[in-house]
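Below is one structure, written out as structure tokens; the observations come after it.
The values are calculated or read from the model by the stated rules, or taken from the named source; none is laboratory data. Predicted, not measured: the structure shown is a model, and the values here were computed from it. We place every Cβ from the backbone using ideal geometry, glycine too, and count neighbours over all the protein chains shown. SASA here: full protein model, heavy atoms, side chains in, ligands and nucleic acids out. Shrake-Rupley method; radii C 1.70, N 1.55, O 1.52, S 1.80 Å.
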Amino acid sequence: MKFRSWFFFTLLFFATAINAQIKDPVKFKFSINELGNNEYEAVLNGTIEKGWHIYSRDIPEDTGIPTEYKVSGKNIELIGKFVETGKKHSEFSEAFGGTIVYYSDAAGFKQKFKLKDGTKPADVVAEIMYQTCDDRVCLAPNTLEFTKKVTPKDATEVVTDEKTVAEDSLSPIVDTLEENATETKTAVATASKLDPKQLKISSIDITKPLTDCGIGTKLETNYWKILILGFIGGLIALLTPCVFPMIPLTVSFFTKGNKNPTKGKRDAFVYGFFILLIFVLLSVPFHLIDGIAGNIFNEISTNVWLNILFFVVFIFFAGSFFGYYDITLPSSIANKSSKAEEVGGMIGIFFMALTLVIVSFSCTGPILGSILGSILSDNSVDIPTVLTFALAGFGLAWAIVFGLLALFPQALQSLPKSGGWMNTVKVVLGFIELALALKFLSKADLVSKTFFIKRELFIAIWIIIAIGLVIYLFGLIRFPHDDKKPKISIGRKILGFLGIGFVVYLVQGLIPAERPKLQLLSGILPPLNVSYFHDEKDGILGMHPEHDFFSAIELSKKENKPILIDFTGYGCENCRKMEEFVWSEPDILPILQNDVVLASLYVDDKEELPEDQKTKIEMGDGQVKKVKTIGDRWSLFQTVNFNNNSQPHYALITPDGKVINQPVSGYMDKEDFKKFLECGVNFYKNNK
């Protein structure tokens, strides 16, 4: 086949078979700079789309795919090692238990060299192997090759543009793609004669799944959930001794001397609105910070010393809740706000709401600090937006309660009286602060890779804290503001028994098992690999998937089960999160173990292919995609059959190679993944 035919077919194939799902967020430009004295510099500059990044070469082992840049040529001699240029970023990975280093927006790679014979030209070949990720998926590692000819001034030849790839450099794999694209064999016949050299399987057609169930996976942050959690936090804060006594005081502000019912209703609504507004305004600085330095929250959440600082602050909050001291704003601020209430009208109502927030700070401050700290510790979300929703939920709870009581002051008579129960609420919150503080200390431990706080040690400390809470609730220990002879109410007893249940729940995490326990705490506990019991030989949750598509086909025929193709990677963080937090769920793991043949195809497997299966594919603009490893092969297999190049990516197919339902990508919650699995598995069982 002539080169033009190869090139035309390649362009045609990529233009028609690969739709918008194929992502190519990095564009490279190769150039050579003359430095003088027979020295040159091979420069490869990459422009990275917003939201994507590529790893540096300087990343810890087993935390991602480091970028490799190689320069070679017959008449050149390298000078030193290649140098990276661009602004480096660092981010702690929960899944890897280490800090990854990467570039966003732009990255450059430089390699100095000199000509061995300064009178002869040289073909300079630059090769880069890299992986691109965003906050949800990672693309398969990509290998590109660029070629330029360098001709010294004393030589007769001149520097030329990118050298085209020789005709004989393309392997029979492209022939296979073309032949399979036009073959008319039945799906059964195709599947029964699969050749490991083939990449395009004609029976796989994602545009014609056998069923349309299971579509519509939602991957966005659930802001309604954040709002509700903030609302619950606001209700809890209302029960503290700093806030509860403010209820009759603030209500009297609206009832005293107000003889106009219409104006009274309006003022009550305005008061509630201002309370909500003040809490929402607390999030505005974080939007400004994010606009100035979008990466600052990642740096905050992954900084060892800041996480230690959060740990100390949370311990400080706990001491306040236990009653050893109070956290208050300067009295001058409260006095000025209170004095401004006398202005009257809308301004007076606003300052009444502001006074409420300021005076109650000694109790609400630690709660709001806990919300802020917890959100900042999660770099996988849009922190300013999530914080806005959390504070809006918090303020909404206060706005509704205070607004309604201002509207219906007679409801005050039905409220419980202030008393020792409010101090109990504060102390319970103190124990919760202690538990949350350990999360930040654990993260600092993971980021610094000291690994002192193993998963089991973390759980054991939480068990001790929970036991302390239970002992307090049953009156066996007291804190400074508790009554000398506290009455153990029904409410305290109920909370005490719930605490005992929580201790029993935590103890499960100390017992080795085939799948991880304590799934409700999966985002808080250290990763599974930071454990006294972890062993890499145990496989994935005790399962040992196939790592070759063609062997999985044969096994699926033998066992009469559908195949779950798991396009994954050793350096894929979201893949590890799916395995640990979603696959391990008790209503999902049995499906993976019993109802499917699991084929985990690693797109970053560096084991080299046999020589007759290696290939180069011309991509245009001087870029050449090299397929020389098993990972390259599965990456291209994913691209040509599933029109996708991100991981994790999941597809259910029948033993004869037909797509059952629409494949899904990225990290998703348990219910979405379960829906996808059950949809395909049940359809297959009912239509064998």
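For the range 53-69, the condition of being open to solvent by 80 Å² or more (accessible area, probe 1.4 Å), modelled with pLDDT under 85 and not in a loop (DSSP other than H, G, I, E, B) holds for none of the residues. Looking at the range 586-596 only, could you name the residues that are more than 19 Å from residue 686 (Cβ to Cβ) and either open to solvent by 10 Å² or more (accessible area, probe 1.4 Å) or in contact with a strand residue (DSSP E or B) (Cβ under 9 Å, 6 or more places away or on another chain) (or both)? Hits for the range 586-596 are 586, 587, 589, 592, 593. Selection over the range 597-625 of residues that are open to solvent by less than 10 Å² (accessible area, probe 1.4 Å), modelled with pLDDT of 75 or more and either under 21 Å from residue 46 (Cα atoms) or in a loop (DSSP other than H, G, I, E, B) (or both) gives a count of 1.
Here is the figure for the range 629-638: residues that are in a helix (DSSP H, G or I) and surrounded by fewer than 23 Cβ atoms within 10 Å (Cβ to Cβ) total 3.
Considering each residue of the range 409-426 in turn, at least one proves to be in a loop (DSSP other than H, G, I, E, B), over 26 Å from residue 525 (Cβ atoms), touching a Pro at 6+ places or on another chain (Cβ under 6 Å) and modelled with pLDDT under 80.
For the range 571-585, the criterion of being at pLDDT 80 or above and exposed (fewer than 15 other Cβ atoms within 10 Å of the Cβ) is satisfied by no residue at all.
To keep it simple, each residue is scored yes or no on (1) within 26 Å of the chain's Cα centre (by Cα); (2) at pLDDT below 75; (3) not in a loop (DSSP other than H, G, I, E, B).
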position: 478; (1), (2), (3): no, no, no
position: 483; (1), (2), (3): no, no, no
position: 488; (1), (2), (3): no, no, no
position: 507; (1), (2), (3): no, no, yes
position: 516; (1), (2), (3): yes, yes, no
position: 520; (1), (2), (3): yes, yes, yes
position: 523; (1), (2), (3): yes, yes, no
position: 530; (1), (2), (3): yes, yes, no
position: 534; (1), (2), (3): yes, yes, no
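Residue 30 meets each of the listed conditions (1) of a type outside the set (S, T, N, Q); (2) assigned to a loop (DSSP other than H, G, I, E, B); (3) under 19 Å from residue 146 (Cβ atoms) apart from (2). For the range 322-332, state whether one or more residues are in contact with an Asp or Glu (Cβ under 6 Å, 6 or more places away or on another chain) and either at pLDDT 60 or above or surrounded by 15 or more Cβ atoms within 10 Å (Cβ to Cβ) (or both). Within the range 322-332, not a single residue is in contact with an Asp or Glu (Cβ under 6 Å, 6 or more places away or on another chain) and either at pLDDT 60 or above or surrounded by 15 or more Cβ atoms within 10 Å (Cβ to Cβ) (or both). Just one residue in the set 604, 672, 656 is farther than 22 Å from residue 25 by Cβ and within 25 Å of the chain's Cα centre (by Cα); that residue is 672.
Scanning the range 338-347 for residues that are modelled with pLDDT of 75 or more, open to solvent by 60 Å² or more (accessible area, probe 1.4 Å) and not in a helix (DSSP H, G or I) turns up nothing. Counting only strands (runs of 3 or more DSSP E) that sit wholly inside the range 102-152, those with at least 1 residues that are at pLDDT below 90 and among the β-branched types (Val, Ile, Thr) are 142-150.
Conditions tested, residue by residue: (1) of a type in the set (A, V, I, L, M); (2) in a helix (DSSP H, G or I); (3) in contact with a Pro (Cβ under 8 Å, 6 or more places away or on another chain); (4) modelled with pLDDT under 85.
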| position | (1), (2), (3), (4) |
| --- | --- |
| 449 | no, no, yes, yes |
| 453 | yes, no, yes, no |
| 463 | yes, yes, no, no |
| 469 | yes, yes, no, no |
| 494 | yes, yes, no, no |
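For the range 555-570, check the following and say yes or no: at least one residue is modelled with pLDDT under 75 and under 22 Å from residue 647 (Cβ atoms). Yes, that holds for at least one residue. Confirm whether residue 656 is within 20 Å of residue 138 (Cα to Cα) and open to solvent by 30 Å² or more (accessible area, probe 1.4 Å). Here the answer is no, as residue 656 does not meet what is asked.
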